[in-house]
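The values are calculated or read from the model by the stated rules, or taken from the named source; none is laboratory data. Keep in mind that what you see is a predicted model, and the values were worked out from it rather than measured. Every residue, glycine among them, receives a Cβ derived from its backbone with ideal geometry; neighbour counts consider all protein chains shown.
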């Protein structure tokens, strides 16, 4: 297995802007440049008059990637953003073992190599031969439509080839692994106003017998209420006509309770600061309740999901 040297950020690297992070995430999820431009416009992001080029250039500069290939660099940006924990998309499910030639091709994309460079310079073969590998790669990864989405869907395998390992370098990333399977799940739609908080509490208490979670109902209902309240206050853009939230609860085979609240705002400004209690007490209070909170963008359509995971058993508050 070929090993990839872990890419480092430039010493003077600035944080990616919101529009740069969103563009990289959309590229990872398989959207074309036209689709990315349209989605960014729909979400009211300020776009450069020159199109996506300045966005890719800005992201490449900050991530230490090659800056001379506006389109060809997207796979590398996705890889570097994930390595440094700034890819706003959840890790995909592990597609399983990949043949050596397929994995080597994906590694080349992650290193910023174009298909032509990989064929002619690295392998010294005809481009059509690598085209065959690319077709096989897309098939193994569920029909990944773009090179950036190939890198994204292969992340569980790709990250295992990085040295030093991603999970050992202090980025707060968890090791990539297949999640515990869901045993039971229930969901409901809520209004996008403050009445949703009370409705969410009542719904949570009512469905708990069906969930069969081995933890305290009062604690779970409080976590649900906090997440819904936060979504109502910060996740309802004014320009969206239909103001609704989606609340999902599930229990996995490990006995964990998973609470997802999906809103219509794709951004979560200063999430880390909020989780530490530096911007209000909502998310930090969830940690006191024993919940581990994360968030991720929707694969289709605008918006995000904030997730709280509660292990079974009582919490010493």
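Restricting attention to the stretch 126-137, which residues are under 16 Å from residue 99 (Cβ atoms) and in contact with a helix residue (DSSP H, G or I) (Cβ under 7 Å, 6 or more places away or on another chain)?
129, 130, 133, 134, 136, 137
Give, as residue ranges, the helices (runs of 4 or more DSSP H) completely inside the stretch 10-110 that count at least 3 residues that are under 16 Å from the mean Cα position of the chain (by Cα) and closer than 30 Å to residue 135 by Cβ.
Helices (runs of 4 or more DSSP H) meeting the threshold: 18-28, 74-83.
For the stretch 138-249, give me every one of the helices (runs of 4 or more DSSP H) that falls completely inside it and has 1 or more residues that are touching a strand residue (DSSP E or B) at 6+ places or on another chain (Cβ under 9 Å) and modelled with pLDDT of 90 or more.
Qualifying helices (runs of 4 or more DSSP H): 155-158, 195-211, 217-234.
Taking interchain pairs and intrachain pairs at least six residues apart, which have beta carbon atoms under 8 angstrom, with the first residue in the stretch 99-124 and within 18 Å of residue 148 (Cβ to Cβ) and the second at pLDDT 90 or above and in a loop (DSSP other than H, G, I, E, B)?
If the second residue must be at pLDDT 90 or above and in a loop (DSSP other than H, G, I, E, B), the pairs left are 103/154; 106/154.
Would you check which residues across the stretch 255-282 are at pLDDT 85 or above and farther than 19 Å from residue 207 by Cβ and list them?
If the condition is that a residue be at pLDDT 85 or above and farther than 19 Å from residue 207 by Cβ, then 263 is the only one that fits.
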